[in-house]
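Below you'll find the structure, written out as structure tokens, and then a few comments.
Rule-based calculations on the coordinates, nothing more; no lab input. All of these numbers come straight from a predicted model, not from anything done at the bench. No Cβ is skipped: glycine too gets one built from the backbone with ideal geometry, and neighbour counts run over all protein chains shown.
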Amino acid sequence: MKKRKENTICSISTKQGEGAIAIIRMSGTKATSICKKIFSSKKIQKISDLKENRIYYGKITDGKKIIDEVVLTYFKGPKSYTGEDVIEISCHGSEYIQETIIQLLIKNGCSLAKRGEFTLRAFLNGKLDLSQAESVANLIGSKNEKSHHLAMKQMRGGYSEKIKSLRDRLIKFGALIELELDFSTEDVEFANREELVELLSLMKTKITALIESFKYGNAIKNGIPITIVGPPNSGKSTLLNKILNEERAIVSNIKGTTRDIIEEIFTLEGFQFRFIDTAGLRKTSNEIEKIGIKKTYEKINEAAIIIYVFDINDFSENQIKKDIMSFLEKDVAIILIANKIDLKKKKINIEKINEEIIYSSILNNEGVEKILSSILKKTRKWENLNQDFVITNQRHFEALTNTLKSLESTKNGIYSNISGELLAIDIKESLQFLGEITGEITNEDLLDSIFKDFCIGK
């Protein structure tokens, strides 16, 4: 059950360290009274002089000692981020000044805020649901345009409104079935079973779409993983270096040079990509190289896009086909690169391979732009599958997966004519999982788990 916190909290809300300015935030019932003890301004003679959504220039003092000249902003609850009285102090960015003001606030009745406590209070006071609160952390952590876009959508309601709507409809059916149980001695049916099946089918469709969006959403949030694979000496490491425009990976003519995984971040047109250079795929007796090849297959399993590079002058068509078929089983996008066309001495027919082939001379930068364009094309195609409702949170993915199982059980129960008691249990289970996403159903352990990963001051 949601309840308001009584103590007043404070924290530095900007990144620690020296800077031009820093922001210190207070939230709680005593925020204004504490402020009056340490802040003086010509425009404020008493607490009632503070006007909401106003900015005041003045001084922070400890007795007669002036700590700093600051700008103070007052947000009156419930029209604030936390739903409580909030005061933000913009001071000079000296670490000494920041720590002194914090100590002064604590001395006058504040408690030091825990990680995510401001956002936790926003949730407890009904300013955000739980999925929106989690998106705040995603927004702060966004490192590219696309992850920022998704976090903003989720913070503004995103798919949580859809979930709430479906949950509310299921609650009504659950209530009607409970009502039937109250009249168990009579042959009555308040909950229309056909309508319930229709709702369950609709919910299954919506939730399945959300579950399927997780692969894309998680990739956007953490960087889209692109694994570069292929036989040794085909140009994989050279491709990574050309994309990054730096000599990141060691390149040589010796087969098996790359034995460990090299992973680098690259941003292109708002998307963040994680390019992963891997050991060449081949049979080898070298134990260290074997470990590298094992890691290659692990990264293949994690990939959203696989770039398969091979030497057009030295390749096995059967091996390429075999590799590609194994990739397709993993439901990933594939980009096939026929490299070293500058060294080709005779025409080789590889068109039988049923995949788009980009001919390149990576060392000479020929075809690199086409490779990047192909990556963007495949990413945008993936992006367009479900633009409106995308989940990025592992907790939501698990809750939705459990909901789907529970809905299937409920639907099968209706077809099997199970008793109202058992049907009610199945519906309650579905409602439990959905409620955990938005926060209608929660507990202290869950909240602690979510907000412990927040930054201090948010």
> Within the set Lys79/Lys378; Lys153/Lys330; Lys215/Lys340; Lys322/Lys381; Lys79/Lys411, which residue pairs have Cα atoms separated by over 32 Å?
Replying inline: Lys79/Lys378; Lys215/Lys340; Lys79/Lys411
> Taking square-rooted eigenvalues a ≥ b ≥ c of the alpha carbon gyration tensor, is segment 63-188 rounded, prolate or oblate, where a/c under 1.5 means rounded and, failing that, a/b exceeding b/c means prolate?
Replying inline: prolate
> Taking θ as phi - 60°, what are the ³J(HN,Hα) couplings along segment 389-402 by the Karplus curve (6.51, -1.76, 1.60), each to the nearest whole Hz, with x for Gly and Pro?
Replying inline: 10, 10, 9, 10, 9, 4, 4, 5, 4, 5, 5, 5, 4, 5
>> Order these by the 10 Å Cβ neighbour count, fewest first: Lys221, Lys236, Lys452.
In response: Lys452, Lys221, Lys236
> When Leu179, Leu336 are ordered from fewest to most other Cβ atoms inside 10 Å of their Cβ, what list results?
Replying inline: Leu179, Leu336
>> Going through the cross-link list Lys114/Lys162; Lys114/Lys164; Lys65/Lys107, which pairs have a Cα-Cα distance over 21 Å in this structure?
In response: Lys114/Lys162; Lys114/Lys164
>> 5 Å is the cut-off here: which amide hydrogens, built 1.01 Å from N in the peptide plane, fall below it relative to Phe273, excluding neighbours closer than 5 in sequence?
In response: Ile224, Phe266, Thr267, Leu268
>> Taking a ≥ b ≥ c as the square roots of the Cα gyration tensor eigenvalues, with a/c under 1.5 meaning rounded and otherwise prolate when a/b beats b/c, else oblate, which class fits segment 9-129?
In response: oblate
